[in-house]
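Chemist: I have a structure I would like to understand better, so I am pasting it below and will then ask my questions one at a time.
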Amino acid sequence: MINIALFVLIAVIEMSMPYLTRKTNVFGISIPEAFVHHPKLGQWKKTYRLTIGGASLILLILQLAGNLFPIDLQILNLSFFIALMLMLLITTAVYLFFHHKVKSFKQDAGWEQQAHYVHVTDLALRQKLRLAPAPFFIIPIVITAALIAFTFMNYSQIADQIPIHWGINGEADRWVDKSPLSIILSPLILLSLQVFFLITSYQFKAAKLNLTAQNRQSSANRELLQRLYGSWYALVVNYAVTFLFVFLQFHSLLLQESSRTVSLLPIAVFLIAILLGLVVMIRKTSSIQEKFNHELTNESSVQDDQYWIWG
Amino acid sequence: MMQIRLNPDHELQLYKQLANQLIEMIATGELKNGDTLPSVRVMAADLGINLNTVSKSYHELESKGLIELRPKAKALIIGGIPREAEEGKLQQVEQALKPVMAEAYALGLEKEQITSLFQRILKQWNGGSL
């Protein structure tokens, strides 16, 4: 079930990708501000969304169908992994296809020559950035360190077999031998996630400001709000994931009696909450995009296509 | 809003445009004495220009005595407060001003017109702390 939720989560992110980026950047190609409303761009974004959506749906149905038959769990897990890889492969291929399409279209239409570039920034903007406080991203790491220490302190009480996987009915169905590494494996995964969130929180602060030449007020607004929402979402997910991992660690290692079954409801609620949070985030983020609806001149802030590396 | 806007098509070089706009912000009081400027790296990234261009700008401001560049710290605004006129500084300003005023006079502007132009520009900076 975690597999399916994860798959849907990734599919949703992939599908909405062209709508999350700035309007002046389509499939990794920067678009001069005068041309952001070109109908071709909207059409390609839509085709991308439908293609990825369709492919994910087929892969999802195949996986759900697999769950209905009594197939070995290992094969099921393997098929999830293959499905995920397939989707990422398809996404990359379709993305690259449109990247080159937009690139050659931009060249043929001579947008580059028609645009008049200026360099803009706002010195006051960085002071106005309001983000989730950085120390809040350190606290979960401290918690994990404490969890690892606590696990080792109770080493003798941990059973010789450790459950690492639970079936759809909540029964533990896969086990590993107890060892100093295996008992802290999940806290280590947690730690790497938390470090990732810490780096993310720094990037929300340090990343380049992207102001447009024609919509300076609203692009400044977009920068402020996207970073604000983004950093708080990262913080909330960080704490939620920490809570889940700590709960599972206690459940599977430190409280032996109950380690055989795990209640799926809280985990399902947790996954749905994260997913809903993401959908809300995506909606908010795309709604604070600048509109570009007043009369446009050929003025545009500078582009950085030469630094494109697969993004 | 403290906006900076550099135009590559302008006859002035980018570093000069940046320096001029920062100087004007100090004159208007948008940048106050004791404020700091963004690091060279951040400023260059946000504007999408070369590090060296920003660095050159900052060094120009430093040589004019408007900012103080400190190693491993942000540049500090040291201009923007009234101070005793030094003979050297006064001469520096006079040297810079002379050709512009000469040009205006040579173009045939009346002395009164030049004076009132002078007053008008000064008035734009009255909101500042000077």
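The values are calculated or read from the model by the stated rules, or taken from the named source; none is laboratory data. Computed from a predicted model, the values in this text were never measured in an experiment. No Cβ is skipped: glycine too gets one built from the backbone with ideal geometry, and neighbour counts run over all protein chains shown. We work out accessible area using only protein heavy atoms, side chains counted, and drop any ligands, DNA or RNA first. Shrake-Rupley method; radii C 1.70, N 1.55, O 1.52, S 1.80 Å.
Chemist: Give the long-range amide H neighbours of A:HIS116: residues separated by 5 or more places, or on another chain, with amide H under 5 Å away, using H modelled in the peptide plane at 1.01 Å from N.
Modeler: Amide H neighbours of A:HIS116: A:GLU299, A:SER300.
Chemist: Report B:SER55's accessible area, 1.4 Å probe, all protein chains in place, as a number in Å² to the nearest 10.
Modeler: It works out to around 40 Å².
Chemist: Please give the calculated 222 nm ellipticity per residue for chain A, where each DSSP H segment of at least 4 residues contributes -39500 (n - 2.57) and the sum is spread over every residue; nearest 500 deg cm²/dmol?
Modeler: After summing the helix terms and dividing by residue count, I get -21500 deg cm²/dmol.
Chemist: Per DSSP H run of at least 4 residues, take -39500 (n - 2.57); add these up for chain B, divide by its residues and hand me the 222 nm value, nearest 500 deg cm²/dmol.
Modeler: Roughly -17000 deg cm²/dmol at 222 nm, from the helical runs in chain B.
Chemist: So, with a 1.4 angstrom probe, what is the percent of accessible area on chain B that is carbon and sulfur?
Modeler: Summing carbon and sulfur atoms, their accessible area is 55 percent of the total for chain B.
Chemist: Amide H neighbours of A:ARG174 under 5 Å, counting only residues 5+ apart in sequence or on other chains, H built in-plane at 1.01 Å?
Modeler: Residues meeting the criterion, in which the H sits 1.01 Å from N, are A:ILE164, A:HIS165.
Chemist: How many nm separate the modelled label positions at A:ILE272 and B:GLU11, each set 7 Å beyond the Cα in the direction of the Cβ?
Modeler: Output for this residue pair reads 7.0 nm.
Chemist: At a probe radius of 1.4 Å, figure out the B/A buried accessible area, summed over both chains, and give it in Å² to the nearest 100.
Modeler: For B against A, buried area totals roughly 1800 Å².
Chemist: Can you give the accessible area per residue of chain A, in Å², using a 1.4 Å probe?
Modeler: 54 Å²
Chemist: Report, as an integer, the average count of C-beta atoms from other chains found within 10 Å of each Cβ along A:106-118.
Modeler: 1
Chemist: Roughly how many debye, to the nearest 20, is the charge dipole of the stretch B:14-77 about its Cα centre, given +1 on each Lys and Arg Cβ, -1 on each Asp and Glu Cβ, and no other charges?
Modeler: 220 debye
Chemist: Quick one: grab the alpha carbon gyration tensor of the stretch A:1-154, order the square roots of its eigenvalues as a ≥ b ≥ c, and give me rounded if a/c is under 1.5, else prolate or oblate depending on whether a/b is larger than b/c.
Modeler: The shape class here is oblate.
Chemist: Towards the positive end of the charge dipole of the protein assembly as shown, with charges on Cβ (+1 Lys, Arg; -1 Asp, Glu), say which of A:GLY110, A:THR200, A:LEU278 has the farthest Cα.
Modeler: A:LEU278
Chemist: Still on this structure: Compute the separation of the alpha-carbon centres of the stretch A:48-116 and the stretch B:24-71 and state it in Å as a whole number.
Modeler: If you average the Cα positions of each part, the centres end up 45 Å apart.
Chemist: Follow-up question, since we're still on this one. With the solvent-accessible surface defined on protein heavy atoms using a 1.4 Å probe, which residues belonging to the stretch A:211-228 display a reduction of at least 20 Å² in accessible area in the multichain context relative to the isolated chain?
Modeler: A:ARG216, A:GLN217
Chemist: Could you work out how far apart the two model spin labels at A:LEU181 and B:LYS72 are, taking each label as a point 7 Å from the Cα in the direction of the beta carbon, and quote it in nm?
Modeler: Each label point lies 7 Å from its Cα, and together they span 3.9 nm.
Chemist: Still on this structure, I have one more. Once fully extended, how much extra length lies between A:LYS205 and A:ASP160, figured as 0.36 nm per residue of separation less the alpha-carbon to alpha-carbon distance?
Modeler: Going from the current span to full extension adds 11.6 nm.
Chemist: From the residues A:PHE69, A:ALA234, A:HIS119, which one has its Cα farthest along the dipole of the protein assembly as shown in the positive direction, the dipole being from +1 and -1 charges on Cβ of Lys/Arg and Asp/Glu about the Cα centre?
Modeler: Of the listed residues, the answer is A:PHE69.
Chemist: Ignoring ligands, DNA and RNA, what accessible area per residue does chain B give at 1.4 Å, in Å²?
Modeler: For chain B, the solvent-accessible area averages 66 Å² per residue.
Chemist: With the cut-off at 1.5 for a/c, could you classify the stretch A:53-141 from its C-alpha gyration tensor as rounded, prolate or oblate?
Modeler: oblate
Chemist: So, one more: Mind listing the long-range amide H neighbours of B:ILE4? Cut-off is under 5 Å, sequence gap 5 or more, other chains count too, H placed in the peptide plane at 1.01 Å from N.
Modeler: Amide H neighbours of B:ILE4, under 5 Å, 5+ apart: A:THR121, A:ASP122, A:LEU123.
Chemist: Could I ask something else about it? Name the shape class, rounded, prolate or oblate, that the alpha-carbon gyration tensor gives for the stretch A:131-194, where a ≥ b ≥ c are the square roots of its eigenvalues, rounded holds for a/c under 1.5, and otherwise prolate holds if a/b is larger than b/c and oblate otherwise.
Modeler: Since a/c reaches 1.5 but b/c is at least a/b, the shape of the stretch A:131-194 is classed as oblate.
Chemist: In addition: Scan chain B and hand back the longest stretch that contains none of the GluC sites (Glu not before Pro) lying in DSSP loops with at most 14 other Cβ atoms within 10 Å.
Modeler: B:12-83
Chemist: Determine one quarter of the surface area of the Cα convex hull of the stretch A:31-94, which equals its mean projected area, and express it in nm² to one decimal.
Modeler: Averaging across all directions leaves 5.0 nm² for the Cα convex hull.
Chemist: How big is the dipole moment of the stretch A:10-165 about its Cα centre under a simple scheme where the beta carbon of each Lys and Arg is +1, that of each Asp and Glu is -1, and everything else is neutral? Debye, nearest 20, please.
Modeler: My answer is approximately 700 debye.
Chemist: Something else now. Given the whole protein assembly as supplied and a 1.4 Å probe, what does the accessible area of A:HIS100 come to in Å², nearest 10?
Modeler: Ignoring ligands and nucleic acids, A:HIS100 comes out at about 100 Å².
Chemist: Can you pull the one-decimal nm distance between simple spin-label points at A:ILE58 and A:LEU6, each 7 Å off the Cα toward Cβ?
Modeler: Each label point lies 7 Å from its Cα, and together they span 2.4 nm.
Chemist: Applying the Karplus parametrisation 6.51 cos²θ - 1.76 cosθ + 1.60 with θ = phi - 60° to the phi angles of the stretch A:273-288, what ³J(HN,Hα) value in whole Hz is obtained for each residue in order, glycine and proline being reported as x?
Modeler: For the stretch A:273-288, the Karplus-derived couplings read 4, 4, 5, 4, x, 5, 4, 4, 4, 4, 4, 4, 4, 6, 7, 9 Hz, x marking Gly and Pro.
Chemist: Just want the answer: with Cβ charges of +1 for Lys and Arg and -1 for Asp and Glu, which residue in B:ILE23, B:GLN91, B:ALA75 is farthest toward the dipole's positive end in chain B?
Modeler: The residue sitting most towards the positive pole is B:ALA75.
Chemist: Still on this model: For the stretch B:14-77, place one equal point scatterer on every Cα, skip the solvent, and apply the Debye formula. What is log10 of I(q)/I(0) at q = 0.23, 0.28 Å⁻¹?
Modeler: Here log10 of I(q) over I(0) equals -0.97, -1.41.
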